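Enquirer: The structure follows.
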Amino acid sequence: GIPYSVVRGSAGRNGALREKLVTGKTNHVIITSEKETLAADAVRTTGLLANSGYDIKGYASHRIRRFESVEQESLQRMNAHFSLGYFVDYNSEEVQEFVRSYRALYNAEPGNFAFQGHDIALYFVKALQKYGSDMINGIGGYNQSLLQLNFDFDRRSPLGGMFNEATRNVVYDAGGISLYK
């Protein structure tokens with residue numbers, strides 16, 4: 001029931017995207033391509049349109065963040081939103097404290113596996129303390145946001161295992177990169 005328009009191909013060269021945007025309202029632009037040339041063109045065009053006065057929130061696959069031809073400035077101008085399996089917010093005080101402690105202990109910078117190991121161990125140790133031998137049944141309601149990961153377990157069937165359904169929602173904006181809820 002939500003009205004939408006589709007723009008195919010190069011959004012920038014023919015002005016097709018500009019024709020679909022509305023001034024005075026937030027325009028939600030979803031970039032579906034994961035091909036680097038098309039995604040880079042769409043991000044650049046959307047960023048330029050946002051820079052020219054349109055209120056835009058952009059959404060795309062997390063993969064385009066890693067494309068060499070996609071500029072972070074364009075992602076920030078288009079107010080890009082991503083849902084990621086993991087993300088470390090280095091502006092967080094908890095992350096900064098972990099980095100300081102890690103450096104002091106190992107004389108090195110923590111990588112993704114250091115954050116991941118910390119989060120997994122902390123989550124399951126606390127869940128074990130809280131639920132004991134009934135942990136597998138308790139974690140369905142034990143949601144946590146840690147340094148790199150969020151945890152929100154769901155059982156898909158009565159006899160099935162648990163699946164972590166949580167994501168880290170990240171937004172690129174004029175202030176940089178941050179988590180949002």
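The values are calculated or read from the model by the stated rules, or taken from the named source; none is laboratory data. The model shown is predicted, which means the values in this text are computed figures rather than measured ones. All Cβ positions, even for glycine, are placed from backbone atoms using ideal geometry, and neighbour counts span all protein chains on display. Calculation scope for accessible area: heavy atoms of the full protein, side chains included, ligands and nucleic acids excluded. Shrake-Rupley method; radii C 1.70, N 1.55, O 1.52, S 1.80 Å.
Enquirer: Quick one: which of Leu84, Leu105 is under 30 Å from Phe151 (Cα atoms) and out of contact with any helix residue (DSSP H, G or I) (no Cβ under 8 Å at 6 or more places or on another chain)?
Expert: So the residue among Leu84, Leu105 that is under 30 Å from Phe151 (Cα atoms) and out of contact with any helix residue (DSSP H, G or I) (no Cβ under 8 Å at 6 or more places or on another chain) is Leu105.
Enquirer: Sticking with this one: Which residue out of Asn79, Asn91 is under 16 Å from the mean Cα position of the chain (by Cα) and closer than 30 Å to Lys35 by Cα?
Expert: So the residue among Asn79, Asn91 that is under 16 Å from the mean Cα position of the chain (by Cα) and closer than 30 Å to Lys35 by Cα is Asn79.
Enquirer: State yes or no: is Leu147 closer than 25 Å to Asn91 by Cα and either in a loop (DSSP other than H, G, I, E, B) or in contact (Cβ under 8 Å) with a residue 60 or more places away in the chain (or both)?
Expert: Answer is yes for this residue.
Enquirer: Next up: Could you please find all residues in the stretch 129-155 being of a type in the set (Lys, Arg) and either in contact with a strand residue (DSSP E or B) (Cβ under 6 Å, 6 or more places away or on another chain) or closer than 28 Å to Gly58 by Cα (or both)?
Expert: Across the stretch 129-155, the qualifying residue is only Arg155.
Enquirer: Here's another thing I want to ask about it. Quick one: in the stretch 114-160, of everything that is of a type in the set (Phe, Trp, Tyr) and touching a Gly at 6+ places or on another chain (Cβ under 9 Å), which residue is least open to solvent (accessible area, probe 1.4 Å)?
Expert: Per the criteria, the residue is Phe153.
Enquirer: Sort through Gly24, Gly47 and tell me the only one that's small (Gly, Ala, Ser) and assigned to a helix (DSSP H, G or I).
Expert: Just one listed residue meets the conditions, Gly47.
Enquirer: Run Pro158 past the list (1) part of a helix (DSSP H, G or I); (2) without any contact (Cβ under 8 Å) to a residue 12 or more places away in the chain and report the number of the one that doesn't hold.
Expert: (1)
Enquirer: Please pick out the residue among Leu75, Leu105 that is farther than 20 Å from Gly176 by Cβ and part of a helix (DSSP H, G or I).
Expert: Going through Leu75, Leu105 in turn, the sole match is Leu105.
Enquirer: So, in the stretch 150-176, exactly how many residues are over 27 Å from Glu93 (Cβ atoms) and among the hydroxyl-bearing types (Ser, Thr, Tyr)?
Expert: 1
Quick grid of which residues meet (1) acidic (Asp, Glu); (2) open to solvent by less than 100 Å² (accessible area, probe 1.4 Å):
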{"position": "Lys20", "(1), (2)": "no, no"}
{"position": "Glu36", "(1), (2)": "yes, yes"}
{"position": "Val43", "(1), (2)": "no, yes"}
{"position": "Thr46", "(1), (2)": "no, yes"}
{"position": "Leu49", "(1), (2)": "no, yes"}
{"position": "Asp55", "(1), (2)": "yes, yes"}
{"position": "His62", "(1), (2)": "no, yes"}
{"position": "Phe67", "(1), (2)": "no, yes"}
{"position": "Glu73", "(1), (2)": "yes, no"}
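Enquirer: Mind telling me which of the residues Asp154, Asp134 ends up being among the acidic types (Asp, Glu) and closer than 26 Å to Phe113 by Cβ?
Expert: Within the list Asp154, Asp134, the selection yields Asp154.
Enquirer: Which condition does Phe163 not pass, out of (1) part of a helix (DSSP H, G or I); (2) touching a Lys or Arg at 6+ places or on another chain (Cβ under 7 Å); (3) open to solvent by 80 Å² or more (accessible area, probe 1.4 Å), if it passes all the others?
Expert: It is condition (1) that Phe163 fails.
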